[in-house]
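Student: Here's a structure for you.
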């Protein structure tokens, strides 16, 4: 049995475990650990993990693949905790919404005999926790992969295989580039959603506003119902990029304000019409070609896990042969 460790069994970690089980990968044991034993027990009963580990180091010990899905700001401490337990050739990945800072933490804390391959599955829900975990959460969604420059040749396809086993679409991206882009299309919407709700709720007319609120308001403020802890972690680990896009949005909002305040009805209509046409084209055609990553070939996670076992077996055989040769030459008693 080859061990896969999942550290953090909330929505993302629990969903990864369920997705791997649903993929029907044979000869793997999924060990998991959560901040509360109750969560780990729920994950095991749901079938997301096979083994409840005592702590992060216990989960990582002997694992070929370690997936860190703990709260983002705790990732540095998790890396430090699992470092002494990592096996030779182990691969560590994560699921955090920020990549550059996590990559630096990995370089500082993880041992040279392990590889780090950053990851970010672009999927989620307003609901959090193991009770919201879903084996289909990643189906058809992007899964960003940001390998460390010194990651081994086998580590990268292992994480690609993980993403594909979960039903996601892997795409490679530099960590700094990732953080700038997700600040615009993921982190900024979270800020806007929360700010819009706070503005409306803070009005003296909130009782009347709430009575009138319908699907538009609910859809636009949906992200405000997400985890405050996650929002805090995102904003503190990707602060400069988020601030940049807030500034950009303020400029765009002023442009719309000027169009609304102006007397040019044609310009006002054109402002909204252009946004409508461009969005509808995006929904129909997908991202522009220059931003589309080349499709990756299908990678079998089980094949790479098997390959790791074969390599380990061969390494041990070589050690036995060398030891026998040394004894034969009288180098050892």
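The values are calculated or read from the model by the stated rules, or taken from the named source; none is laboratory data. This is a predicted model, so every value here is computed, not measured. Reconstructed Cβ throughout: ideal geometry from the backbone, glycine too, with neighbour counts over all protein chains shown.
Student: Does residue 178 count as touching a strand residue (DSSP E or B) at 6+ places or on another chain (Cβ under 9 Å), surrounded by 15 or more Cβ atoms within 10 Å (Cβ to Cβ) and touching a residue at least 24 places away in the same chain (Cβ under 8 Å)? Explain how you work it out, then say what you get.
Tutor: On the way: touching a strand residue (DSSP E or B) at 6+ places or on another chain (Cβ under 9 Å): yes; surrounded by 15 or more Cβ atoms within 10 Å (Cβ to Cβ): yes; touching a residue at least 24 places away in the same chain (Cβ under 8 Å): yes.
Spelling it out, residue 178 is indeed touching a strand residue (DSSP E or B) at 6+ places or on another chain (Cβ under 9 Å), surrounded by 15 or more Cβ atoms within 10 Å (Cβ to Cβ) and touching a residue at least 24 places away in the same chain (Cβ under 8 Å).
Student: Do we find that residue 293 is part of a loop (DSSP other than H, G, I, E, B), surrounded by 10 or more Cβ atoms within 10 Å (Cβ to Cβ), at pLDDT below 65 and out of contact with any helix residue (DSSP H, G or I) (no Cβ under 8 Å at 6 or more places or on another chain) in this structure? Steps first, answer last, please.
Tutor: Details: part of a loop (DSSP other than H, G, I, E, B): yes; surrounded by 10 or more Cβ atoms within 10 Å (Cβ to Cβ): yes; at pLDDT below 65: yes; out of contact with any helix residue (DSSP H, G or I) (no Cβ under 8 Å at 6 or more places or on another chain): yes.
Criteria met by residue 293.
Student: In the list 198, 203, which residue meets the criterion of being out of contact with any strand residue (DSSP E or B) (no Cβ under 6 Å at 6 or more places or on another chain), part of a loop (DSSP other than H, G, I, E, B) and exposed (fewer than 14 other Cβ atoms within 10 Å of the Cβ)? Outline the logic, then answer.
Tutor: On the way: 198 fails: part of a loop (DSSP other than H, G, I, E, B).
Every option except 203 fails the conditions.
Student: Test residue 178 against the stated conditions and say whether it is at pLDDT 95 or above, closer than 19 Å to residue 235 by Cβ, out of contact with any helix residue (DSSP H, G or I) (no Cβ under 6 Å at 6 or more places or on another chain) and not in a strand (DSSP E or B). Walk me through it before giving the result.
Tutor: Values: at pLDDT 95 or above: yes; closer than 19 Å to residue 235 by Cβ: yes; out of contact with any helix residue (DSSP H, G or I) (no Cβ under 6 Å at 6 or more places or on another chain): yes; not in a strand (DSSP E or B): yes.
Here the answer is yes, as residue 178 does meet what is asked.
Student: Taking the stated definitions as given, is residue 299 part of a loop (DSSP other than H, G, I, E, B), at pLDDT below 80 and within 30 Å of residue 164 (Cβ to Cβ)?
Tutor: Values: part of a loop (DSSP other than H, G, I, E, B): yes; at pLDDT below 80: yes; within 30 Å of residue 164 (Cβ to Cβ): yes.
Spelling it out, residue 299 is indeed part of a loop (DSSP other than H, G, I, E, B), at pLDDT below 80 and within 30 Å of residue 164 (Cβ to Cβ).
Student: Mind checking whether some residue in the stretch 113-126 is at pLDDT 95 or above, crowded, with 21+ Cβ neighbours inside 10 Å, more than 16 Å from the chain's Cα centre (by Cα) and assigned to a loop (DSSP other than H, G, I, E, B)?
Tutor: yes
Student: Moving on to the next point. Which numbered condition trips up residue 131, out of (1) touching a residue at least 40 places away in the same chain (Cβ under 8 Å); (2) buried (at least 23 other Cβ atoms within 10 Å of the Cβ); (3) not in a loop (DSSP other than H, G, I, E, B)?
Tutor: (2)
Student: Condition test on residue 187, is it surrounded by fewer than 15 Cβ atoms within 10 Å (Cβ to Cβ), over 30 Å from residue 301 (Cα atoms) and within 17 Å of the chain's Cα centre (by Cα)?
Tutor: Working: surrounded by fewer than 15 Cβ atoms within 10 Å (Cβ to Cβ): no; over 30 Å from residue 301 (Cα atoms): yes; within 17 Å of the chain's Cα centre (by Cα): yes.
No: the conditions fail for residue 187.
Student: Taking the conditions exactly as written (out of contact with any strand residue (DSSP E or B) (no Cβ under 7 Å at 6 or more places or on another chain) and not in a loop (DSSP other than H, G, I, E, B)), does residue 160 satisfy them or not? Even if it seems obvious, please write down each step before you answer.
Tutor: Values: out of contact with any strand residue (DSSP E or B) (no Cβ under 7 Å at 6 or more places or on another chain): no; not in a loop (DSSP other than H, G, I, E, B): yes.
The answer is no for residue 160.
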